[in-house]
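The values are calculated or read from the model by the stated rules, or taken from the named source; none is laboratory data. Just so it is clear, the model here is predicted, and its values are computed rather than measured. We place every Cβ from the backbone using ideal geometry, glycine too, and count neighbours over all the protein chains shown. All accessible areas refer to the heavy atoms of the entire protein, side chains included, with ligands and DNA or RNA removed. Shrake-Rupley method; radii C 1.70, N 1.55, O 1.52, S 1.80 Å.
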Amino acid sequence: MDSLLQLAADPTAWAALATLVVMEVVLGIDNLIFISIITNKLPADQQNRARRIGIGLALILRLALLGTVAWIVHLTEPVFSVFGKGFSWRDLILIAGGLFLLWKATKEIHHSVDPNPEEKAGNQAAITFGSAIVQILILDLVFSIDSIITAVGMTEHVAIMVIAVLAAVSVMLLAADPLSRFIAANPTVVMLALGFLIMIGMTLLAEGFGAHVPKGYIYTAMAFSAGVEALNMLARRRKRGKSQAGRP
């Protein structure tokens, strides 16, 4: 208790907490986009429950990994080398996660652009509840490990990490339903979100092979693309309004 009180009275700890909360929320956006796209393919009565389970799994994984911080740190140590390039368990997890994201996003884009005959009258390729949870769990694991390693690199206080993780997951819970409804109501946004997933997948692959990609570049590109799409949506809405106003 005394150590917690000392930590609460330390301005440096508050600065680290604020920085880490922002970082965790930003990293959680990737996770949330994937969860929204996957759960929107489920029947309406299962979507909300799947989102809650998916985000709950993200919280459990992050807190469980925080309890093994010493082990997490060792994940960055090389376990084998190929042509002089060392690969750690973290690298392998990021590469696997990147490949999974690329496969999943490409498959969803294919279904959107060239749906099968039986899917033309309905939604995109349907999935089962269990399949959705498994896919969410796989990406939760990848994003959780990346998130905790980032947190370990920013502070040595586990209490600060726990608060940052709880804050980030709370934001994900609040944003999950509005984001999912927005994506479902705007088909063009689905394609944009899938494009984001491809970019995130390529970033994970690059990180896994040792090429550091500044996250600022990635999120700036995502924000710019989202801004352009917002302008397109506004233009389409105004055109529809004018056409409806001009009708007798």
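Under 5 Å from the amide H of Ser88 lie the amide H atoms of Val79, each residue being 5 or more positions distant or on a separate chain, with H modelled from the backbone and absent for Pro and chain starts.
Most tightly packed first, judged by the mean number of other beta-carbon atoms within 10 Å of their residues, the peptides 24-37, 99-112 read 24-37, 99-112. Just the protein heavy atoms count here, and of the accessible area of the range 143-217 at 1.4 Å, carbon and sulfur take up 75 percent. Could you look at the range 40-95 and say what percent of its accessible area is carbon and sulfur, using a 1.4 Å probe and all protein chains? Here it works out to 67 percent. Normalised per residue, the accessible area of the range 148-248 is 57 Å², obtained with a 1.4 Å probe and no contribution from ligands, DNA or RNA. Per-residue Karplus couplings for the range 87-96, computed as 6.51 cos²θ - 1.76 cosθ + 1.60 with θ equal to phi - 60°, are listed in order as 10, 9, 4, 4, 4, 5, 5, 5, 5, 4 Hz, Gly and Pro entered as x.
The listed residues Phe80, Phe209, once ranked by accessible area (1.4 Å probe) with the largest placed first, stand as Phe209, Phe80. On full extension, the segment bounded by Thr76 and Lys239 gains 53.4 nm, given 0.36 nm per residue less the C-alpha separation. Quick one: grab the alpha carbon gyration tensor of the range 55-95, order the square roots of its eigenvalues as a ≥ b ≥ c, and give me rounded if a/c is under 1.5, else prolate or oblate depending on whether a/b is larger than b/c. Cα axes put the range 55-95 in the oblate bin.
Computed from backbone phi, the HN-Hα couplings of the range 37-45 come to 5, 5, 5, 5, 8, 8, x, 4, 6 Hz, rounded to whole numbers (Karplus: 6.51 cos²θ - 1.76 cosθ + 1.60, θ = phi - 60°; Gly and Pro given as x). The separation of the range 12-36 from the range 213-235, counted between C-alpha centres, amounts to 18 Å. I need the shape label for the range 176-224. Rule: rounded when a/c is under 1.5, else prolate if a/b > b/c, else oblate, with a, b, c from the alpha carbon gyration tensor. Cα axes put the range 176-224 in the prolate bin.
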